[in-house]
1. Only one of Asp201, Asp237, Asp251 is touching a strand residue (DSSP E or B) at 6+ places or on another chain (Cβ under 8 Å) and of a type in the set (Asp, Glu); which?
2. Tell me, which strands (runs of 3 or more DSSP E) wholly within region 53-135 include 2 or more residues that are closer than 30 Å to Asp200 by Cβ?
3. Pick from region 338-357 the residues that are modelled with pLDDT of 90 or more and not small (Gly, Ala, Ser): which of them is surrounded by the fewest Cβ atoms within 10 Å (Cβ to Cβ)?
4. When region 325-337 is examined, which residues are found to be more than 14 Å from Gly258 (Cα to Cα), out of contact with any Gly (no Cβ under 6 Å at 6 or more places or on another chain) and either open to solvent by less than 50 Å² (accessible area, probe 1.4 Å) or of a type in the set (A, V, I, L, M, F, W, C) (or both)?
5. Within the set of pairs 6+ apart or on separate chains, which have a first residue in region 278-303 that is in contact (Cβ under 8 Å) with a residue 40 or more places away in the chain, a second that is in a helix (DSSP H, G or I) and exposed (fewer than 12 other Cβ atoms within 10 Å of the Cβ), and C-beta atoms under 6 Å apart?
6. Does region 178-227 hold any residues that are surrounded by 11 or more Cβ atoms within 10 Å (Cβ to Cβ), without any contact (Cβ under 8 Å) to a residue 60 or more places away in the chain and hydrophobic (A, V, I, L, M, F, W, C), and which are they?
7. Just one of Val98, Val56, Val130 is within 20 Å of the chain's Cα centre (by Cα) and either open to solvent by 20 Å² or more (accessible area, probe 1.4 Å) or free of Cβ contacts under 8 Å to residues at least 12 places away in the same chain (or both); which is it?
8. Just the residues that are open to solvent by less than 60 Å² (accessible area, probe 1.4 Å) and touching a helix residue (DSSP H, G or I) at 6+ places or on another chain (Cβ under 9 Å), please, taken from region 74-91.
Amino acid sequence: GGRTLASVLERLLPVGYDSRRSRIGGFPQVLGTEPATIMAKEITTPGPGQIRALFVSAGNPVLSAPDGEELEAALGQLDLMVSLDLYVNETNCHADYVLPAVTMYERDDFPLPFQQLQPTDFRQATRAVVPPAGEAREEWDVVMELAGRLWRSSPRLAAMALARRVLDPMRVADAVVRLAEGGDRFGLRRGGLTLERLLDDEPHGRVVAPFLEAGKLRDVVAHRDRRVRLDAPEIADEVARLERRPAADADHPLRLIGMRELRSENSWMHNAPLLLRGGRVHAARMHPDDAAAIGVADGATVRLISRHDAIELPVRLTEDIKPGVVAVPHGWGHRGTGGWQQANAAGGANVNQLMSTDPSDVERLAGMAHLNGVPVRAEAVAAPPDPAPATAAVGAA
């Protein structure tokens, strides 16, 4: 089952490394993608291959990518920007068109990309509860129709346009369910699962194998010789290069790391009123010893300064973090428009503004920005002075 599922997904999802290099920085393509870190520079740098149009689906890179201010300025130079989303946020407020997407209640669902990531082999699918409101459409339908209209410009778009005539996501999901562990093998295994049986008879899903089967690594490794690469020269060279870099930075003695909060997922959960209950505020976490060294108390405002930029936000003191480390949740600092009011009112600062997008500062193997272990300096921010007491004017009647 695992080998069959792996082979099916390999054909559906882009697989590969370094099939081409990015125009800016020469970073290798990974799984059919190029790094968002250099997207702003790909938009603003003239020459062959310059990005002139951008399609953003369910994304907010102005907050999620490094140096959102640089990217926001670059978006204004595009010839065309189209967004597919539920809200107008910090990114797609610059779009020429914002197309309405469906909610999770208005579409059928099967978690296709996550089937190989489950320690327990589990299948679950759901039907749409209500029809889409207004002109909202599913993302795949919008993308496939656009591909159908643009197919002459790209062999890949032509293949997508052809696929739209015979495939939709739930047909693909049905094939995966049938061919993988527990499936009916298109009628060859009596009593096996199909997508229809999963939807009709298993509303809470079904465990098809309680444990990962041992001895199957050779069957699912994508390399032709079926061996895991533990000594890739590219990785070894990068480790050696990093070991040669100086670790100390007297001007930025602390190390900034990210953190996830229980009721927060990137930026999109900050517009849900129920998840903002309890007076949630965006705050850095710092060890009491580091706070004492700069004279800040719990709840005070601190300025975090990297080699690239600076942000200000409240600080919470905790001994759960090591001295010398500052943790800041990401995804805050909203200032969108439209229906983004709850997120805007939540405030906070965009921690990714502290990250560099200079190609010389970017990780070389995949073009990832350094978002953890970033050298920073912390400073106390003076509280605004109390307003002068009002004096009553006394005059003759």
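1. The match here is Asp251.
2. Hits in region 53-135: 121-123.
3. Gln353
4. Across region 325-337, the qualifying residues are His334, Gly336.
5. No pair meets every condition.
6. Across region 178-227, the qualifying residues are Phe186, Leu217, Val221.
7. Val98
8. Ala74, Leu75, Leu78, Met81, Val82, Ser83, Leu84, Asp85, Asn89, Glu90, Thr91
The values are calculated or read from the model by the stated rules, or taken from the named source; none is laboratory data. Model, not experiment: these values are computed from the prediction. All Cβ positions, glycine included, derive from the backbone under ideal geometry; neighbour counts span all protein chains shown. These accessible areas exclude ligands, DNA and RNA; they are computed on the full protein's heavy atoms, side chains included. Shrake-Rupley method; radii C 1.70, N 1.55, O 1.52, S 1.80 Å.
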